[in-house]
Amino acid sequence: SGLIKTINNLGLISYWSLDDGTSTTDLDFSGNGRTGTLNNMEASSTSDWVAGKRNRALSFGGVDESATAASGGGLDNLNTGSIAMWVKWSGTQDAGLAGSGVNGCVVGRQRDGIGSAQIIGIDTTDPATGKVRFNLYNYNDGALVGVTAVGEDRWRHVAVTYTSGAQTLYLDGV
């Protein structure tokens, strides 16, 4: 059981709302069947499922909590696309992968099937001063860093568009 949504696949590769508040799976509403798994999260837990921007939201409060999709949910190895999400960073963020410069990671996408190459998070461990950071194809290819601090405990819409050689980072549509 769970929230039933009408599928409206407008060319989406995957769409995970992560807002039903009662499961340990992340249903894919794109129509492509890329349902994922919520790792180390408890169904209906008040510490894992919290009030969200709409309905419920996941609170990833530990280093072992994550949402994964087989084969990267269709995102791995794409040269052109967009990734968008609502995010609220609260408290001190995990320092992230060594050398990545990304803290409080919310998305990791593989390019080569080995490790996360494109990562979205913030550039410090403090959301009050941290700006959204999007690592490009690998740590040596550079990063896009926003100009506005995300702010502590504040819902923000983060989007990234990318094509080979051109990337754009948006915070709240700007």
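Distant-in-sequence amide contacts of T25, defined by a placed amide H-H separation under 5 Å and a gap of 5 or more residues or a different chain, comprise L38.
Please list 36-46, 120-130 highest first by mean number of surrounding beta-carbon atoms within 10 Å per residue.
Details: 36-46: 14.7, 120-130: 20.3.
With the highest mean Cβ count within 10 Å placed first, the list reads 120-130, 36-46.
Here the 3J(HN,Hα) profile of region 123-129, calculated from phi with Karplus coefficients 6.51, -1.76 and 1.60 at θ = phi - 60°, is 8, 9, 8, 10, x, 4, 10 Hz, Gly and Pro shown as x. Near the amide H of S66, within less than 5 Å, lie the amide hydrogens of N39, all on another chain or at least 5 residues away, with H placed in the peptide plane. Amide hydrogen proximity for A143: with H placed 1.01 Å from N in the peptide plane, the residues at 5 or more positions away or on another chain lying under 5 Å are L136.
No lab work stands behind these numbers, since they all come straight from the coordinates. Bear in mind that the values here come from a model prediction, so they are computed numbers and not experimental data. With ideal geometry, Cβ positions are generated from the backbone for all residues, glycine too; neighbour counts draw on all protein chains shown.
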